[in-house]
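Have a look at the structure below before the remarks.
The values are calculated or read from the model by the stated rules, or taken from the named source; none is laboratory data. Owing to the predicted nature of the structure, the values given are computational and were not obtained by experimental measurement. All Cβ positions, glycine included, derive from the backbone under ideal geometry; neighbour counts span all protein chains shown.
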Amino acid sequence: MTDIDNRSALQHIAEQADEAIDLAEAALLFAALDLPTSDVSFYRDHVRAIGDAVGDHISTKNIDENVSPEDMAEALNHTLFEKFRYAGDDKTYDDLDNANLMRVIDRRRGLPVALGILYLAAARAQGWAAAGLNFPGHFLVRLESRDGRRLIIDPFHQGRVMGAPELRDLLKVVAGPGVELEASHYRTVSSRDVLIRLQNNVKTRRLDRGLIKEAVDAIENMILLAPDSLALWREAGVLHMRAGHLKRAIESFDKFVSLAQDGPDRMKIAKVVQELRERIN
């Protein structure tokens, strides 16, 4: 597929209802934008093979239809970490490859959210209820059985089970010693949010390397998924300014102004737009 084909496919995904979004497919299409010569079908087959292996593992256990979250976690962990040898990349954590699902599959290493997408894809292939959590700084997955039992696992650390003590300890590492566990950290997030989180990792790593144009590309990928996000339009405008792309900065800021409610932020950005127009006229 060409870059245009990939973007067209992503646009189609972005227009779908959230529950219809194929997380792994979307993540692979985003990856293909950066690796245009790669064969997406190879990676699709691999994701499908992971799901099939999870199903086969459950079948060998002779588990009834009401699979427990513990059984789900065991099957997912066995498949991803023992059969396919995936692992969290704690040695080169900030490597850009860790946020590109194709390269994650090639290397069998990745960020929590990239590995989490493989977990979610494999779980959902079985018809299981699985979702990412609104946990800061580290992506976690919640599994839920049909009778309402739940389990939280960490896809980066070999699918370890995360109870309240483990979550509290992790939170203090990623968010600071003064931060306490609260109800919002247990809230599930949408598929769009998961993909935006993945692309935000791409953006952050590109900014760290001074790749401003490429960082804007990642923001525009996020905007594709969340076209009404004020924060994304404003950030796109700021980065276009840094890159010297004043016309595109004006377009981004104009979109912010059109979406924002009356208030100090809207007035401030409208003033920036006026100053930019004066600079290019």
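Quick notes on this structure:
- From the options Arg48, Arg85, residue that is out of contact with any Leu (no Cβ under 9 Å at 6 or more places or on another chain) and on the phi > 0 side of the Ramachandran plot: Arg85
- Selected residue (criterion: farthest from Ala215 (Cα to Cα)) from residues of the range 1-55 that are in contact with a helix residue (DSSP H, G or I) (Cβ under 7 Å, 6 or more places away or on another chain) and exposed (fewer than 14 other Cβ atoms within 10 Å of the Cβ): Asp18
- Tabulated pairs, the range 85-105, first free of Cβ contacts under 8 Å to residues at least 40 places away in the same chain and of a type in the set (D, E, K, R), second surrounded by fewer than 17 Cβ atoms within 10 Å (Cβ to Cβ) and assigned to a loop (DSSP other than H, G, I, E, B), C-beta under 6 angstrom, 6+ apart or interchain: Arg85/Arg108
- Met162 being in contact with a Leu (Cβ under 8 Å, 6 or more places away or on another chain) and either under 26 Å from Gly88 (Cα atoms) or without any contact (Cβ under 8 Å) to a residue 12 or more places away in the chain (or both): yes
- Looking only at the range 56-74, and only at residues there that are touching a helix residue (DSSP H, G or I) at 6+ places or on another chain (Cβ under 7 Å) and in contact (Cβ under 8 Å) with a residue 40 or more places away in the chain, the one that is surrounded by the most Cβ atoms within 10 Å (Cβ to Cβ): Met72
- Cross-chain or 6+ apart pairs with Cβ under 7 Å, the range 2-23 first and not assigned by TED's automatic domain parsing to the domain that holds Asp39 and at pLDDT 95 or above, then surrounded by 16 or more Cβ atoms within 10 Å (Cβ to Cβ) and not in a loop (DSSP other than H, G, I, E, B): none
- Note on the range 47-159: enclosed helices (runs of 4 or more DSSP H) holding 1 or more residues that are within 18 Å of the chain's Cα centre (by Cα) are 101-107, 112-125.
Residue-wise test of (1) closer than 14 Å to Leu120 by Cα; (2) among the acidic types (Asp, Glu); (3) at pLDDT 95 or above.
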| residue | (1), (2), (3) |
| --- | --- |
| Asn66 | no, no, no |
| Arg85 | no, no, yes |
| Asp89 | no, yes, yes |
| Tyr93 | no, no, yes |
| Leu101 | yes, no, yes |
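- Within the range 216-281, helices (runs of 4 or more DSSP H) holding 2 or more residues that are within 18 Å of Arg206 (Cβ to Cβ): 230-242, 246-259
- Only one of Gly244, Gly263, Gly237 that is crowded, with 16+ Cβ neighbours inside 10 Å and farther than 30 Å from Asp154 by Cβ: Gly237
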